[in-house]
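The values are calculated or read from the model by the stated rules, or taken from the named source; none is laboratory data. Please read all numbers here as calculations on a predicted model, not as lab measurements. FYI the Cβ positions are ideal-geometry reconstructions off the backbone, even for glycines, and counts take in every protein chain you see.
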Amino acid sequence: MAEVTIKVNGAPVSRDVPDAMLLVEFLREELRLTGTHVGCDTSQCGACVVHLDGRAVKSCTTLAAQAYGAEVTTIEGLAAGEELHPMQRAFHENHGLQCGFCTPGMIMTGIDMVRRYRAAGQELDEAAIRHELEGNLCRCTGYHNIVKSIRQAAGEM
Amino acid sequence: MSVAAPLPHDAAPLHVTGVARYVDDIPRPANTLHLAFGLSEVARGRITALDLATVRAAPGVVLAMAASDLAREADCSPSANDEPLLAKGEVFYAGQPVFLVAATSHRAARRAARLARIEIAEEPALLTIEDALAADSRFEEGPRIYVKGDATTAIATAPHLIEGSLTMGGQEHFYLEGQAALALPQEGGDMVVQSSTQHPTEIQHKVADALGLPMNAVRVETRRMGGGFGGKESQGNALAIACALVAQATGRPAKMRYDRDDDMVITGKRHDFRIDYRAGVDATGRILGLEFVHYCRCGWAQDLSLPVADRAMLHADNAYHLPNVRIESHRLKTHTQSATAYRGFGGPQGMLGIERVMDHVAQALGIDPVALRQANYYRAAPASGPGTGRRHGGAHSPKPEEIGPETTPYHMPVEDFILHEMTARLLESSDYAARKAEIASWNAASPLLKRGIAFSPVKFGISFTLTHLNQAGALVHVYQDGSIHMNHGGTEMGQGLFQKVAQVAAARFGVDPGRVKITATDTGKVPNTSATAASSGSDLNGMAVKAACDTIRDRLAAFVAERHQTDPAMVRFEGGRVHVGGEALPFEQVVKAAYEGRISLSATGFYATPKLRWDRIRGEGRPFFYFAYGCAVTEVVLDTLTGENRILRADILHDCGASLNPALDRGQIEGGYVQGAGWLTTEELVWDDKGRLKTHAPSTYKIPACSDRPRVFKVALWDGANREDTIYRSKAVGEPPFMLGISAWLALSDAVQSTGPNWPDLPAPATAEAVLAAIGRARG
């Protein structure tokens, strides 16, 4: 067993879990935060993306124990009460989703890329968004409105 | 009015905050068991030994079952009862479930499923279309054949003969949410099943059969799927049945979710085809006679293969009038996954055949491929309804056979053909002619990179070809506070059906759509539903909900009219108010008064599509209520050294009739196009020579990523109403845009043609390897 002491969406959590428990299992099964989805089980599709100390990671290939001492943010932790995060609002307003299964991962990846480009002083243009989204698959939308959503949010964040 | 408003998806607020629930997210009782299948690694053989002792002894395992442990037959087939849940003595494909494990966790079940000792005496497997043909291994007694006119004579006497053969691969659905089910045992042996399915009634029926219960003892609920695309029409049956059997045997809830690799290895995919063609054409490229032979690889079980292969035949004409045509269709049985429904349901394969013929004829005769297509189009529909607006019988009147609609190869008149106008508008808005010329000169100066451009049309038949499926039911309640509860037989898989139908309900009552509560599809509320498939969801369920709403609305109108001493027909429902006798009463006030007046505020609604008549054996009748149309122009660039390629630009004009929700419809068009282009370019399924699927994860099976989408993507909706009386004159939109992706494949073929003088004979999918080989053929 491994002790996992972390902060999830700002709240401290401590549990003893099997050594091999994945972060996504910890979030979904232990904490019932089911907005983080398992799409492909092998870190290809990006439906499981969460923020670990502010950086996007695929929680289906991260051990819960690896997150020891870290701060984890999930899709459930983005909104401030009723106030949606600009990235959430942009996906809603721009029809950036259909079945919605990839959406939480897309939003978490979108926020991460906006922050990284801003920190590096680079422009997050459409070509950059396409490149950055290589690790997030969507089967429904054809990505058009996803790119549009991230562009809008980048201007509002 | 709420109809035609571009409202966002109803569940968008839930999706962006992560609280939308899929089956795997539903809180489950603490003692729930988790299931996994143990699979055959052999494509064909007899099971000589099956020892589950180590499985049963594994940590967390509560139960392990083989076919011999089942008290009664458990069958998963939607059609022919030929799919046992667990292999019975023989295996028929690599990936077939052989046994079932129930354990205390998902992981424990999956680990244990690897521990069985299975011995299989391997036998030669039929894996390919050619294997099956050689062994005459097929479904149905022989090929289905549809005939119109005399193709053989027309081809023999035609000035030119163009012939060839096209292979096209299948396609993995890759719904982001894998298959999942949860069974919850109830008192008295009843069962409740939560299933990620497009067809709750089928789940109910198959679970009831497997449990030995009448259908009324099983209730199935589906709130949403994380994508379906046809892959959840029948492929969820196995999981639901397995969960229900374990729940019945143990009295504990049981849940099953396929790991992605299992999902890809176990479940069926789009049918791959080979289409042979012989076309007799005149000097202008008009097709005088055409023969198609469709070879359809169905896999080991019948599933939905017969209607899929039928629909391929029904789209062998696409948008073109074929005066003499013969279509022969072989449904071949192989030892591979049982191919199943996938967006378009055979239509895309049939359509790809004729689009290939058009390009081949254009290349052989040196005619512009778009002009050739236009010359072969069906005759335009009259501007107004048939028989109106035209004078007949005068000296200069056209002969009746010249003005009447032309018929399809299955003898259905095409009465609503609008592609002439749509094509003209798209060619203009996409600047096709100038770009084509510019690309030709660019290519002449570019030795390594070559660009290509192509146009393709879509005419897609709307209705289930199994005519009795064209029915739907709805249940609507208005509560005494004026809130509305809406339920119907359709399922939500992301397409926005629930929102569209809620907009219909809101429009009928003249209230804001926010007043309409959208609820999970539930076999206990609306019975005997058809699958949400064949693009029919909003056509059928929209009409059924309208009927239910109108029943309640008429009761409300009669009630208030009587109070105001006026005619019920004068009562209007608009802007959240009921307008009667010069007053505008709040809707909720009228509802409350009606409740107190002892008026029933609940109603069912029903709809059956009119005008359908179809004989699938003779290939004659009217299988479709109407056609949905679209067209696309795609431009690509390819690297002649590596075969790598990109879509540079796509222009689309698509016909949704009078759209119920233009935002949702555009989403279907964009997503459909990209998925269709994926089928024909990067999505390659590879089986090894033992019949094992080697592309069983996204690492090896390449669906379009964000970078694959067209750089420039212009989508417009055609602004005409449906000529048939559909819900608010809208048209179905789920499947038709998928086939717009054919233009991307044709554009690649065009780019390859610029590398040499010969016919490149590009197969599908046009992977980089296939493109390179085609360049070799073009250069000769």
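A few remarks follow.
- The range B:19-30, subset in contact with a helix residue (DSSP H, G or I) (Cβ under 9 Å, 6 or more places away or on another chain) and touching a residue at least 12 places away in the same chain (Cβ under 8 Å), residue nearest to the other protein chains (Cβ to nearest Cβ): B:ALA20
- Of the criteria (1) surrounded by fewer than 24 Cβ atoms within 10 Å (Cβ to Cβ); (2) in contact (Cβ under 8 Å) with a residue 40 or more places away in the chain, which one B:PRO214 fails: (2)
- Residue in the range B:155-178 that is closer than 30 Å to B:ALA71 by Cβ and in contact (Cβ under 8 Å) with a residue 60 or more places away in the chain present: yes
- For the range B:175-203, the tally of residues that are within 14 Å of chain A (Cβ to nearest Cβ) and out of contact with any helix residue (DSSP H, G or I) (no Cβ under 8 Å at 6 or more places or on another chain) stands at 3.
- Some residue of the range B:239-255 being at pLDDT 95 or above, within 22 Å of B:ALA531 (Cβ to Cβ), surrounded by 21 or more Cβ atoms within 10 Å (Cβ to Cβ) and of a type outside the set (A, V, I, L, M, F, W, C): no
- The range B:693-735: number of residues that are among the basic types (Lys, Arg), away from chain A (no Cβ under 14 Å) and either in contact with a helix residue (DSSP H, G or I) (Cβ under 9 Å, 6 or more places away or on another chain) or buried (at least 22 other Cβ atoms within 10 Å of the Cβ) (or both): 2
- Checked against (1) surrounded by fewer than 24 Cβ atoms within 10 Å (Cβ to Cβ); (2) more than 8 Å from every other protein chain (Cβ to nearest Cβ); (3) not polar (S, T, N, Q), A:LEU78 meets all criteria but (2).
- Filtered residues of the range B:611-648 (kept if surrounded by fewer than 15 Cβ atoms within 10 Å (Cβ to Cβ) and touching a Phe, Trp or Tyr at 6+ places or on another chain (Cβ under 7 Å)): B:LYS611
- Single residue of A:ALA64, A:ALA11, A:ALA2 found to be more than 9 Å from chain B (Cβ to nearest Cβ) and without any contact (Cβ under 8 Å) to a residue 60 or more places away in the chain: A:ALA11
- Those strands (runs of 3 or more DSSP E) of the range B:550-607 in which 2 or more residues are in contact with a strand residue (DSSP E or B) (Cβ under 7 Å, 6 or more places away or on another chain) and of a type outside the set (D, E, K, R) occupy B:577-580, B:583-586.
- Any chance B:GLN235 is more than 14 Å from every other protein chain (Cβ to nearest Cβ), assigned to a loop (DSSP other than H, G, I, E, B) and polar (S, T, N, Q): yes
For every residue, the table says whether it meets (1) touching a helix residue (DSSP H, G or I) at 6+ places or on another chain (Cβ under 7 Å); (2) under 30 Å from B:LEU304 (Cβ atoms); (3) of a type in the set (Val, Ile, Thr); (4) touching a residue at least 12 places away in the same chain (Cβ under 8 Å).
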residue: B:GLN503; (1), (2), (3), (4): yes, no, no, yes
residue: B:VAL511; (1), (2), (3), (4): yes, no, yes, yes
residue: B:ASN541; (1), (2), (3), (4): yes, yes, no, yes
residue: B:ALA547; (1), (2), (3), (4): no, yes, no, yes
residue: B:ILE552; (1), (2), (3), (4): no, no, yes, yes
residue: B:VAL560; (1), (2), (3), (4): yes, no, yes, yes
residue: B:HIS564; (1), (2), (3), (4): no, no, no, yes
residue: B:PRO568; (1), (2), (3), (4): yes, no, no, yes
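- Test for B:LEU184: is it over 30 Å from B:ASP615 (Cβ atoms) and out of contact with any Pro (no Cβ under 9 Å at 6 or more places or on another chain): no
- Put simply, of A:GLY142, A:GLY105 the only residue that is surrounded by 23 or more Cβ atoms within 10 Å (Cβ to Cβ), in contact with a Gly (Cβ under 7 Å, 6 or more places away or on another chain), without any contact (Cβ under 8 Å) to a residue 12 or more places away in the chain and not basic (Lys, Arg) is A:GLY142.
- Pair list, Cβ < 7 Å and 6+ apart or interchain, from the range B:467-481 residues that are within 19 Å of B:ARG622 (Cβ to Cβ) to residues that are buried (at least 18 other Cβ atoms within 10 Å of the Cβ) and aromatic (Phe, Trp, Tyr): B:THR467/B:TRP614; B:ASN470/B:PHE464; B:GLN471/B:TYR607
- If the condition is being out of contact with any strand residue (DSSP E or B) (no Cβ under 8 Å at 6 or more places or on another chain), crowded, with 24+ Cβ neighbours inside 10 Å and of a type in the set (S, T, N, Q), then the range B:464-506 contributes B:GLN495, B:GLN503.
- When B:LYS255 is tested against the conditions (1) part of a loop (DSSP other than H, G, I, E, B); (2) touching a Leu at 6+ places or on another chain (Cβ under 7 Å); (3) farther than 18 Å from B:ASN324 by Cβ, the lone failure is (1).
- Of all positions in the range A:112-124, none carries a residue that is at the interface with chain B (Cβ under 9 Å from one of its Cβ atoms) and without any contact (Cβ under 8 Å) to a residue 60 or more places away in the chain.
- Flag for B:ARG56 being outside any strand (DSSP E or B) and under 14 Å from B:ARG117 (Cβ atoms): yes
- Matching residues, the range B:515-549, being surrounded by fewer than 22 Cβ atoms within 10 Å (Cβ to Cβ), among the hydrophobic types (A, V, I, L, M, F, W, C) and in a helix (DSSP H, G or I): B:ALA547
- Test: residue in the range B:90-105 that is away from every other protein chain (no Cβ under 14 Å) and surrounded by fewer than 19 Cβ atoms within 10 Å (Cβ to Cβ): yes
- No other residue among B:SER68, B:SER40 is more than 11 Å from chain A (Cβ to nearest Cβ), surrounded by 19 or more Cβ atoms within 10 Å (Cβ to Cβ) and of a type in the set (S, T, N, Q) apart from B:SER40.
- Top-ranked residue of the range B:658-675 - restricted to ones that are more than 10 Å from chain A (Cβ to nearest Cβ) and part of a helix (DSSP H, G or I), ranked as surrounded by the most Cβ atoms within 10 Å (Cβ to Cβ): B:ASP665
- Out of B:VAL16, B:VAL55, B:VAL3, sole residue that is of a type in the set (Val, Ile, Thr), over 23 Å from B:ASP263 (Cα atoms) and either buried (at least 23 other Cβ atoms within 10 Å of the Cβ) or within 14 Å of chain A (Cβ to nearest Cβ) (or both): B:VAL16
- If you filter the range B:692-721 down to residues that are of a type outside the set (Lys, Arg) and touching a Phe, Trp or Tyr at 6+ places or on another chain (Cβ under 6 Å), you find that the one that is nearest to B:GLY643 (Cα to Cα) is B:ILE703.
- Residue in the range B:458-477 that is at positive phi and assigned to a loop (DSSP other than H, G, I, E, B) present: yes
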